[in-house]
Amino acid sequence: MSVLKPGYRCLAGLAFIALTSCSTAKQSIQLYESPPDIPSYVELESAPFYPQRDYQCGPAALATVINFHKPETTPDSLVPQIYIPELKGTLQIEMLAASRRLNRLAIEQDGQLTSILKEVANGNPVLVMQNLGFEGYPYWHYAVVIGYDLDKREIILRSGEIKRLVRPFSVFERTWQRSKFWSVIVVPAGVMPVTVNAESYSKAAIAFELTSAKQQSLLVYQKGVQRWPGNFLLQMGLGNISYALNEYSEAEKAFLTATKLKPQKAEAWNNLAYALIMQGKKKQSLKSVNKAIEIEPENSQYRDSLIEIGKLM
Amino acid sequence: MMNQRVLTFLSVSIFIFLGFFQTANAGMVGTQQLLPAMPSLNLEQVRQDIKVQLVDLGVEQQQAEIRVAAMTDAQISELNHKLADLPAGASASGTLLAVFIVLVITDVIGATDIFPFIKPVQ
C-alpha cells in the first residue's frame, strides 16, 4: 500500500496539471469564433512521409519539409547532421542550421495557429515542435503540419510513425504551446512564404548567407526587397551580396536606397562608397565615405575605409 | 595612440577571423554585423565549447565541427552554457507504470498526445 502512495500522489498532481492545461486552448477557440479567410479544407498529400525510427523524429520531420519542394536528402543522411545521441533528440537550432546547409531558407513563424494554417493553404508544409507530455514530464517531438479541416476543427500531421495523424486543433494547440509555439517554414531560395514578416525573413536570409552559394543568397535578398522595399536590413543585404558578386551598380542601387531609408546609418554610406569606387565614381565615393565619418567620427572603421578608398583611386 | 592602434588591429583581426566579411574589401560592413549587438561574449570560445559538448554527447568530431560552423552568432550565444538543457525533439524520460496510466488518462481528455492510438474525447 505504502508503495503505491507516491504513485497516486503523482497521478493526482499530473491530473491537476492536465485539468488546468485543458482550459487554455485559446487560439483554437478564436479559430472557431473568427475563422481566417482560407479554404475550409486543405491537405498537402504530396508531402513525403518518412516513418521515424527510434528517437529520430527530427531527421524524419526535417526530410519531409526539405524534400517537399524538391528531393534533396534522406532522414538517414540527416541523422549525423542533427541528431545528438546522448540527448536522444535534435535541437531546434540544429533543425534550422541543417536546413540552411541543404540550401533551404528556414523561417520561424509568429506563434499563431492561424499562421500555420495560412501557410499550409499557401502550399507550404510547416515544421512544428511539440511537447506531447507535460512541462515536468516532457516528450519532445517534431512533426509536420500538412493539412487542416476547419469544419471538423482538425489538424493533419505527418508525425512519427503515423503518416496521417488527425488531431483536434485544441489538442494540437496544447502540445504545441509547450514548445512556446515553435513553428518553421522551410523553403528553397526564391519561394516567398505568405505568413512571415520582414524581421523573421531577414533574420533567416542573413543566416542562410552563412553557408549558401552567393547566387542563392542574391535570390533570397531580391525576393525580400521585392516584398519589403522599405526594409533597411534587406536592402543592405542585397547590396552586400551584389557587391560580393561584383555587381557594383546593383549594389550601389541597394545601398543608395538604404541611405534614403535610414540617412543616419553610417554603415549604408560606407558601403555605398565602396560600390561607387569600384565603378570609378571617385567624387561620389569620397562624398559618401565622408558622410559615414561625419555621422560616426569616433568609429575608426570609416576612417580606415577612407584610406582604403584613397588607395583604390 | 599606440593603444588605439592595437585595438584597431585586434578588432579588425577578430572580425576577419570570425568571417564577418564576405567581400573583397575589409572596410565593408557585413550584413550580419547590422543585427543587434550580441551580449559581450567570446563567440569563438563559445563555438569551441559547444563543439566539445556535442562530441561529449556522442556526435562525431568531424560532424561536430561542421554543425557548429553552420550556426549563426546569435544561435551560438543562445546555446552558450545550456545546450544540454534545451528541448531536444524525441526525448522522453523513462515511463513508469503509474505515469503510463496517467498519460493514458490525460491523452483521453486531450491534455497530452503521447499515444497516437488514443483518440481524445471532445
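Taken together, the values in this text are just the output of simple stated rules run on the coordinates, not laboratory data. Computed from a predicted model, the values in this text were never measured in an experiment. Note that each Cβ is placed from the backbone with ideal geometry, even for glycine, and that neighbours are counted across all protein chains shown.
Assorted remarks:
- Once the C-beta distance of A:Y32 and A:Q226 is scaled by a Förster radius of 35 Å, the resulting FRET efficiency is 0.45 to the nearest 0.05.
- Local electrostatic count, A:Q81, Cβ distance below 9 Å [Lys/Arg +1, Asp/Glu -1]: +1
- Summary of packing: across the peptides A:86-94, B:68-76, A:42-50, the per-residue average of other C-beta atoms within 10 Å ranks them, highest first, as A:86-94, B:68-76, A:42-50.
- Near A:L127: Cβ cut-off under 11 Å, other residues only, Lys/Arg at +1 and Asp/Glu at -1. The net charge is 0.
- Bridgeable lysines around A:K283 (alpha carbons under 25 Å apart, same-chain partners fewer than 8 residues away excluded): A:K253, A:K260, A:K262, A:K265, A:K291, A:K311.
- Gap separating the Cα centres of segment A:247-294 and segment A:110-189, nearest whole Å: 45 Å
- Highest-first arrangement of A:231-242, A:215-226, A:254-265, A:165-176, where packing means the average Cβ count within 10 Å: A:231-242, A:165-176, A:215-226, A:254-265
- Distance between the pseudo-spin-label points of B:S77 and A:D54 (7 Å out from Cα toward the beta carbon): 3.6 nm.
- Cα-based shape type of segment A:265-313, given that a ≥ b ≥ c are square roots of the gyration tensor eigenvalues and the cut on a/c is 1.5: prolate
- Full-extension gain in nm, A:K214 to A:E86, via 0.36 nm per residue minus C-alpha separation: 42.5 nm
- Shielding by other protein chains, A:299-307, mean Cβ within 10 Å: 3
- With K and R counted +1 and D and E -1, the other residues having a Cβ less than 13 Å from that of A:Q279 yield a net charge of +1.
- Cα-based reach from A:K70 at 22 Å (exclusive), listing lysines while leaving out same-chain residues under 8 positions away: A:K118, A:K163, A:K214, A:K223
- Chain A, relative contact order [Cα under 8 Å, separation at least 6], %: 14 percent
- Contour excess over end-to-end distance, with Cα ends at A:L245 and A:R164 and 0.36 nm allotted per residue: 24.7 nm
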